[in-house]
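See below for the structure under consideration.
The values are calculated or read from the model by the stated rules, or taken from the named source; none is laboratory data. On a predicted model such as this, the values are computed, not experimentally measured, just so you know. When we count neighbours, we look across all protein chains shown, and the Cβ atoms used for this are built from the backbone with ideal geometry, even at glycine.
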DNA sequence: GTCTATACACCGATAGAC
DNA sequence: GTCTATCGGTGTATAGAC
């Protein structure tokens, strides 16, 4: 019986090629900007001709969509290890989580734009990919809930605050830390608003 | 002596054409997305052939740059009339100013992206255009100073907070008001952090 | 200042051979 | 699954006539 192992090996090979293509796509997006991404350039980097990409992705937007899902999945995968390191003190925990997201978003402009902005005209994530982003948001809701923050406005205000710091960092001081330095202060301000107990102060 | 009047009429005509081109460019950007802007489409709308645009703008980026400057200038022009309507109570004043910026930014995605995000790979505003944005920021600094808010972090935290609400609004509820409704609450939170006196509460 | 003509490169996508 | 060939179109930008 070799049918099953063969099929497995083939699907694995297929997924490896998909990953390779996406990896090249990320390289291009980082180097030349998300909006300048082209099938030609991706194909060149993986040693293919452009039409061959259509054996793995139905369209250019399908590549964007896979990248979108991959980006949110990468962040989602950080959460278990984040949970293991989470400080018990609520404010310290919120700061830890905020810093994790900030650094993730500040590390890669193309990724950040794809995840949270409408940079690519006409691109909308598929339900499948969007569901991963929703999972991440769900984790945030649970975290806030665990700390007794049940204000209905709390998650939206949190995402606006942390996302706003990231966006300002990218727009006005890329590569620097002018807004990153305000992160702990911003979280303390937020924690005060939400009635979270505990002392103010920067993380060590 | 007709030399001077003629020259004036000619430069006026020239500027009118420039305005017409930019107006068409804004239409295209709004309808099809900022990144999809093409000289072809702009030219068609003003009834020209694409190469004719080069009599008025040195390049496509020069058009982006003029749009950038125009957008910030439009906002700057709102400030005198905003100042006339400014509530005397500090918190109400901050809310009023924040709402003005929010609504301006939420009214036009392409404009917002050009003003505050790095949507167009390779585009950087000229010093002249950027100076207008700096003028707007200067007005914010003066406003905060007038209310006794002299914390060095105050302006950066303010732009992150208000900008963050705008970005979330565009990313997750375009055309809605899910984050707009949090504006007064966010400003109260900010005012508390900055030690601004006065009562909390939504604007009427 | 606007036009035609054109350069020169690029794009996403499809058809069909192998 | 990858290729070649090709479609029909896009793009910015320049030269030179009028």
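Does residue B:22 meet the test of being buried (at least 19 other Cβ atoms within 10 Å of the Cβ), over 24 Å from the mean Cα position of the chain (by Cα) and in a helix (DSSP H, G or I)?
no
Starting from residues that are more than 17 Å from the chain's Cα centre (by Cα) and not in a loop (DSSP other than H, G, I, E, B), keep the ones in the range A:169-179 and report whichever is farthest from the other protein chains (Cβ to nearest Cβ). Reasoning before the result, please.
So in the range A:169-179, the residues more than 17 Å from the chain's Cα centre (by Cα) come out as A:171-179.
Among the residues that remain, those that are also not in a loop (DSSP other than H, G, I, E, B) are: A:171-172.
On the way: A:171: 6, A:172: 8 Å.
Going through the qualifying residues, I end up with A:172.
Mind checking which pairs have a first residue in the range B:37-64 that is away from chain A (no Cβ under 14 Å) and a second that is more than 10 Å from DNA strand C (Cβ to nearest atom) and outside any helix (DSSP H, G or I), Cβ under 8 Å, 6 or more apart or different chains?
As it stands, the answer is B:63/B:37; B:63/B:57, since those pairs meet every condition given.
If a residue has to be within 11 Å of another protein chain (Cβ to nearest Cβ) and touching a helix residue (DSSP H, G or I) at 6+ places or on another chain (Cβ under 7 Å) to count, how many in the range B:138-167 make the cut? Talk me through it step by step, then tell me what you get.
Start the filter on the range B:138-167 by keeping residues that are within 11 Å of another protein chain (Cβ to nearest Cβ), which leaves B:151-167.
Next, from what is left, pick out any that are touching a helix residue (DSSP H, G or I) at 6+ places or on another chain (Cβ under 7 Å): B:153-167.
Number satisfying all stated conditions: 15.
Out of all the residues in the range B:27-41, is one or more more than 10 Å from DNA strand C (Cβ to nearest atom), farther than 27 Å from residue A:34 by Cβ and modelled with pLDDT of 95 or more?
So far as the range B:27-41 goes, no, none of its residues is more than 10 Å from DNA strand C (Cβ to nearest atom), farther than 27 Å from residue A:34 by Cβ and modelled with pLDDT of 95 or more.
Restricting the range B:118-129 to residues that are touching a residue at least 40 places away in the same chain (Cβ under 8 Å) and closer than 16 Å to residue A:171 by Cα, which is farthest from the other protein chains (Cβ to nearest Cβ)?
Narrowing the range B:118-129 to residues touching a residue at least 40 places away in the same chain (Cβ under 8 Å): B:119-120, B:122-123, B:125-126, B:128-129.
In the following step, the residues that additionally are closer than 16 Å to residue A:171 by Cα were identified as B:119-120, B:122-123, B:125-126, B:129.
Details: B:119: 5, B:120: 7, B:122: 7, B:123: 10, B:125: 11, B:126: 17, B:129: 15 Å.
Once the filter is applied, the top-ranked residue is B:126.
Can you give me the number of residues within the range A:42-54 that are more than 6 Å from DNA strand C (Cβ to nearest atom), in contact with a helix residue (DSSP H, G or I) (Cβ under 8 Å, 6 or more places away or on another chain) and part of a helix (DSSP H, G or I)?
The total comes to 6.
When residue A:90 is evaluated against the numbered criteria (1) away from DNA strand D (no atom under 16 Å from the Cβ); (2) over 20 Å from residue A:23 (Cβ atoms); (3) within 13 Å of chain B (Cβ to nearest Cβ); (4) crowded, with 16+ Cβ neighbours inside 10 Å, which criterion, by number, is the only one it fails?
Going through (1) away from DNA strand D (no atom under 16 Å from the Cβ); (2) over 20 Å from residue A:23 (Cβ atoms); (3) within 13 Å of chain B (Cβ to nearest Cβ); (4) crowded, with 16+ Cβ neighbours inside 10 Å one by one, residue A:90 breaks only (3).
Output the number of residues of the range B:37-59 satisfying the condition of being surrounded by fewer than 17 Cβ atoms within 10 Å (Cβ to Cβ) and within 7 Å of DNA strand D (Cβ to nearest atom).
6
For residue A:57, work out the one condition from (1) assigned to a loop (DSSP other than H, G, I, E, B); (2) under 17 Å from residue A:113 (Cα atoms) it doesn't fulfil.
Of the numbered conditions (1) assigned to a loop (DSSP other than H, G, I, E, B); (2) under 17 Å from residue A:113 (Cα atoms), the odd one out for residue A:57 is (2).
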